[in-house]
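**Q** Take a look at the following structure, please.
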Amino acid sequence: MPSTPVRDFVSGAGTSKAAARILAAAIDLFAAKGYGTTTTREIAASLDLSPGAVYPHYKTKESLLFAISLEGHRAALEVVRQANAPTDSATARLSSTVAAYVRWHAENHALARVVQYELRSLAPEHFKEVADVRRATSGEFADIIKAGELSGEFQATDKDAAVLAITSLGVDVSRWFPSNAYSHAGLLAQRYAEISLRIVGATPTA
């Protein structure tokens with residue numbers, strides 16, 4: 001059975017129950033084996049379905065990956081947007097958005113691993129659509145850092161590099177979480193939020 005976060009994700013993806021089951025099975029197999037070595041036959045077999053049962057819902061394996069990638073990136077973007085309160089200080093905004101981003105990648109590590117590390121397998125037109133969502137997510141962090149520089153809260157050496165570093169840290173969580181050192185998503189999110197403030201040269205608070 002897929003993990004609870006995966007079940008929550010597929011249940012909200014606007015698909016039929018059959019398509020949702022296929023989506024969840026594909027996420028688990030893509031995360032465990034990699035997209036390239038997983039076949040639609042294996043996905044169907046994991047659900048005790050016939051080899052052709054996937055195709056009425058997803059015409060190709062790549063279209064299945066695209067559905068996962070697009071909805072996964074949209075989910076991560078929505079988490080960041082919900083955490084980004086424009087009326088808060090830049091320091092509070094960066095802390096909350098980084099914590100939300102890291103926590104999402106930790107709690108949804110199987111899904112996030114597929115979403116973040118199988119992009120090269122997408123068709124060019126699908127990659128472009130997903131890349132637009134990725135840029136929007138990075139843009140949320142860039143706007144916060146810019147606001148912090150204007151308010152004097154941040155002194156980032158290079159804003160673009162800071163955004164890349166912060167988002168890369170969040171993405172990488174899906175590759176190794178959980179570990180012996182960190183198995184609590186909330187604690188990890190708090191630590192990464194603190195690190196992100198150092199990256200942007202945040203002014204220490206009393």
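The values are calculated or read from the model by the stated rules, or taken from the named source; none is laboratory data. The structure presented is a predicted model; accordingly, all values stated were derived computationally and were not measured. No Cβ is skipped: glycine too gets one built from the backbone with ideal geometry, and neighbour counts run over all protein chains shown. Note: areas computed on protein heavy atoms with side chains; ligands, DNA, RNA excluded. Shrake-Rupley method; radii C 1.70, N 1.55, O 1.52, S 1.80 Å.
**Q** Have a look at ALA161, ALA147, ALA189, ALA181 and point out the one that is hydrophobic (A, V, I, L, M, F, W, C), open to solvent by less than 20 Å² (accessible area, probe 1.4 Å) and either in contact with a helix residue (DSSP H, G or I) (Cβ under 9 Å, 6 or more places away or on another chain) or free of Cβ contacts under 8 Å to residues at least 60 places away in the same chain (or both).
**A** ALA189
**Q** Can you give me the number of residues within the range 41-56 that are closer than 13 Å to ARG21 by Cα and not in a loop (DSSP other than H, G, I, E, B)?
**A** Residues in the range 41-56 being closer than 13 Å to ARG21 by Cα and not in a loop (DSSP other than H, G, I, E, B): 6 in total.
**Q** With respect to VAL80, is the statement that it is modelled with pLDDT under 95, under 19 Å from the mean Cα position of the chain (by Cα) and either among the aliphatic types (A, V, I, L, M) or surrounded by fewer than 17 Cβ atoms within 10 Å (Cβ to Cβ) (or both) true?
**A** For VAL80, the condition - modelled with pLDDT under 95, under 19 Å from the mean Cα position of the chain (by Cα) and either among the aliphatic types (A, V, I, L, M) or surrounded by fewer than 17 Cβ atoms within 10 Å (Cβ to Cβ) (or both) - is not met.
**Q** Something else about it: Restrict the check to the range 51-58 and report whether at least one residue is over 19 Å from the mean Cα position of the chain (by Cα) and either closer than 16 Å to ALA189 by Cα or at pLDDT 95 or above (or both).
**A** no
**Q** Just checking, which of SER95, SER63 is over 14 Å from the mean Cα position of the chain (by Cα), of a type in the set (Gly, Ala, Ser), in a helix (DSSP H, G or I) and surrounded by fewer than 20 Cβ atoms within 10 Å (Cβ to Cβ)?
**A** On inspection, the qualifying residue turns out to be SER63.
**Q** Same structure, new question: Out of ALA106, ALA202, I need the residue that is crowded, with 19+ Cβ neighbours inside 10 Å and outside any helix (DSSP H, G or I). Which one?
**A** ALA202
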